[in-house]
Each structure stands twice: as C-alpha cells, then as structure tokens.
Amino acid sequence: MSKDNRKRIIEMLSNSGEEFISGESISKELGISRAAVWKHINYLKENGYEIEAINKKGYRIVDVNSDVIIPEQITVNLDTKFVGQNIRYFHELDSTNNYAKEKFEELEDGSLVISESQTAGKGRLGKNWQSNPGEGIWMSTVLKPDIPVYKAPFLTLVAGAAILNAFRNLGVDAKIKWPNDIVLNGKKICGILTEMVAEVEKVGCVVIGMGINVNTMLFPGELSEKATSLKKEGFEVKKSDIIREIMHEFEKLYIPYIEYGSRDEIIGVCRKHSVLIGKDVYVIKKEHREKVYCMDISDDGNLIVKHVDGEIEEIISGEVSVRGQNGYI
Ligand code: BTN
C-alpha cells in the first residue's frame, strides 16, 4: 500500500469535512482500485481514525484518536521543504535520540523519529526522561547541516524558539527556561536534548530530541513539583497538530540560521519569553552552586549573569543547570 496514496486519502477526507466522499471518486482520483481504497480506509481505522462508511455515500472522518500519533496526519498539511517530511514511527524504542544517531547515515536530512514510548529516554546531564506510552511526544529530528561544530549547540535555542512559536500558534502561552526547558504555568512541559555526531571539525549530524508532556496526569516523586503536561494545565491539543506546527516553525528559523547565520529572531523569541531574565537564580556546575542575577541572553545564545561581587559573566549552556531560589524557577 503506497503511503502517498494514503496521505492523499487523508487529505481528501480531511478537506471534505462532514461531506461523504465516494470510494469511486477516491479510486478515480488516485488511479487505484476500489479494493485498494478499502484497504487504505481499513488501515486508517486500525490506526486511530474513526471513519464512517455508508453504502452508496462513501466515507467521512468522524474523529481521530488523539492518544496515538499517525505519521500521515503530521505530513498531510506540512508545508516544509524537508524538516519532518520523512517520519520513522515506532511503538517502542530505547531512545529516539539513540536510534537517530545510530541510523543517521540512512536517514534523510530533516527526518523525524517518533516513538510512542521509550524504555531508556534520556534527559540532559545524564538524567533519565520519563516516556510512557500515550503520555507525550517523544521525538528526534535528524539534521545534516554543513556547519562547523561550534555552531551546533545554538540549534537547541532554534528548537526552543520554534516550540514556543508553535505552542503560541496553538493557543498555549509557554515560556523558556534557558537553555532547554519549555515551561507552562511555572512548570516544565518540554525538554530538549541536542546531540551531535561529529566528523573532523564538521558536523556529521545533529539530533534534536524533544520530549513534550501531553497527557501525563501523575509525575512521580520530586517531578511532581516541577513538571506538568498540557492536559494537566487544561489544554486538549492533538499530538499530530503539535508536531506539524513545531516542524513548520523549526524550519522557518533553521534555514536562515544555517544559510546566513541569522540569529536575531531566535534570540528575540527566547528573550521575550524567558522565565530567567530579571531573576536571581542558582547556577549549578557539578557540586558548585552559586547565586547570580540573570541579566539577558547574549546574541550568541549565552546567559549573561551578574555575580554577587558585580562581575558580569556569559554562561555557556554546556554543563550547567539553573534552579530558581525556591524550586524549579
Ligand atoms: C531534558 O530536559 O533534560 C531533555 C529531555 C529530552 C527528552 C527527549 S524525548 C525524545 C528524545 N529522546 C531521548 O532519549 N530524549 C529526548
């Protein structure tokens, strides 16, 4: 069964709204048999689409199960050149970042690896990332930019700004906790983990992992203090809409950064929606913890802080974590 035809069928059914479309018109439009149309419809039914079929009238979509991710539903109206256009979808992986790094040579630039669950989801600084089935979006974008290694870490901020823009398009007013946490109502809703496969002085591949808590209602232990989900905060948004929107917003910022080094818009979004700027926080590096005042994010994407003795320093994201005075922020 061709995926392109399946995508066209979803497109036709989505565009016709409440109207039925006959099996015959689908088969004529795509140049395939009625039996092939029927097989595609059955596949969609088994994969989260509720489709009403009435004799002599045809088919229409009644509902889409928002708990599962349907790759074709992401790409159906995705207007990017390459980001998110090729999707590898799994029910379970150890980690989408690991898979992307292992297979990057066979994956096209801009490919997206998605898994409904991860058995060894990874967070920053060696932490683990809770990735239960149905609860969130666990995905990694594979990028093969022709840039020197030092330019790659900035891609975390490109992803952060893209996620903020995407959430805003969907009516979710999220913020960013530099460098890689997306925050909603003071709690973490999404984390970004950027990893790189480097060749000599040049990037072979950058993998940007994004974990978004969508439906989680219970977080264990100390996570309950600092993490939240879209559902917990009262938002019902379809996972495929979130992913499509992120891919769209990411490419808009990514191409100008790679081609012309454009950073202004990205930094602008991160500054505007920062939860740290103007706050006293603790910067933690290994065992060392120091209270500083956050002044700004620099044009290079570093955090500009003022120490208690008045010294001003630019902090590079690498090995630090930032904590609020009384908890997460
Ligand atoms: C963090 O905030 O510490 C980063 C969390 C990143 C989690 C995502 S989920 C998809 C991808 N695969 C992983 O193993 N981790 C990232």
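Scanning the stretch 24-73 for residues that are farther than 14 Å from Glu11 by Cα and acidic (Asp, Glu) yields Glu24, Glu46, Glu50, Glu52, Asp63, Asp67. Which of (1) surrounded by 16 or more Cβ atoms within 10 Å (Cβ to Cβ); (2) under 28 Å from Glu222 (Cβ atoms) is the odd one out, the single condition Ile267 does not satisfy? The number of the failed condition is (2).
Note on the stretch 229-260: residues that are touching a residue at least 24 places away in the same chain (Cβ under 8 Å) and over 21 Å from Gly48 (Cα atoms) total 14. Against the list (1) under 23 Å from Gly121 (Cα atoms); (2) modelled with pLDDT under 90; (3) surrounded by fewer than 20 Cβ atoms within 10 Å (Cβ to Cβ), the condition Ile69 fails is (3). Per this entry, Glu265 is not counted among residues that are within 16 Å of the ligand (Cβ to nearest atom), over 25 Å from Val64 (Cα atoms) and of a type in the set (D, E, K, R).
Of the residues making up the stretch 200-219, those that are more than 16 Å from the ligand (Cβ to nearest atom) and either modelled with pLDDT of 95 or more or not basic (Lys, Arg) (or both) are Val200, Glu201, Val203, Gly204, Met217, Leu218. Of all residues in the stretch 136-170, those satisfying the criterion of being at pLDDT 95 or above and either open to solvent by 50 Å² or more (accessible area, probe 1.4 Å) or part of a loop (DSSP other than H, G, I, E, B) (or both) are Lys144, Pro145, Phe154, Arg168, Asn169, Leu170. Within the stretch 140-182, being touching a His at 6+ places or on another chain (Cβ under 9 Å) and of a type in the set (Lys, Arg) holds for Arg168, Lys175.
Tell me, which residue of the stretch 72-112 that is part of a helix (DSSP H, G or I) and farther than 21 Å from Val206 by Cβ is modelled with the highest pLDDT? Only one residue fits best here, namely Thr75.
The set of residues in the stretch 192-203 that are part of a strand (DSSP E or B) and open to solvent by 10 Å² or more (accessible area, probe 1.4 Å) comprises Leu193, Thr194, Glu195, Met196, Val197, Ala198, Glu199, Lys202.
Looking at Gln130, is it open to solvent by 30 Å² or more (accessible area, probe 1.4 Å) and away from the ligand (no atom under 11 Å from the Cβ)? The answer is no for Gln130. Within the stretch 122-133, residues that are hydroxyl-bearing (Ser, Thr, Tyr) have Cβ atoms under 9 Å from residues that are within 6 Å of the ligand (Cβ to nearest atom) in these pairs: Ser131/Ser95; Ser131/Thr96; Ser131/Gln118; Ser131/Gly121; Ser131/Trp138; Ser131/Gly211, counting only partners at least 6 apart in sequence or on another chain. If the condition is being among the small types (Gly, Ala, Ser) and surrounded by 17 or more Cβ atoms within 10 Å (Cβ to Cβ), then the stretch 37-65 contributes only Gly58.
Taking the stated definitions as given, is Ser321 at pLDDT below 95, closer than 23 Å to Cys190 by Cα and in a strand (DSSP E or B)? Yes: the conditions hold for Ser321. Cβ-Cβ contacts under 7 Å between residues 6 or more apart (or on different chains), taken from a first residue in the stretch 290-302 that is on the phi > 0 side of the Ramachandran plot to a second residue that is of a type in the set (Phe, Trp, Tyr), are listed as Gly301/Phe154. Got a sec? Which of Asp300, Asp296 is open to solvent by 20 Å² or more (accessible area, probe 1.4 Å), outside the structural domain of Asn185 (by TED's automatic domain parsing) and more than 19 Å from Thr194 (Cβ to Cβ)? Just a single option satisfies the conditions, and that option is Asp296. Within the stretch 113-130, the set of residues being touching a helix residue (DSSP H, G or I) at 6+ places or on another chain (Cβ under 9 Å) and either part of a loop (DSSP other than H, G, I, E, B) or not assigned by TED's automatic domain parsing to the domain that holds Met247 (or both) comprises Ala120, Gly121, Gln130.
The values are calculated or read from the model by the stated rules, or taken from the named source; none is laboratory data. Given the structure is predicted, the values throughout are model-derived calculations rather than measurements. As a convention, Cβ positions derive from the backbone with ideal geometry for all residues, glycine included, and neighbour counts pool all protein chains shown. Note: accessible area is taken over every heavy atom of the protein model, side chains too, but ligands, DNA and RNA are not part of it. Shrake-Rupley method; radii C 1.70, N 1.55, O 1.52, S 1.80 Å.
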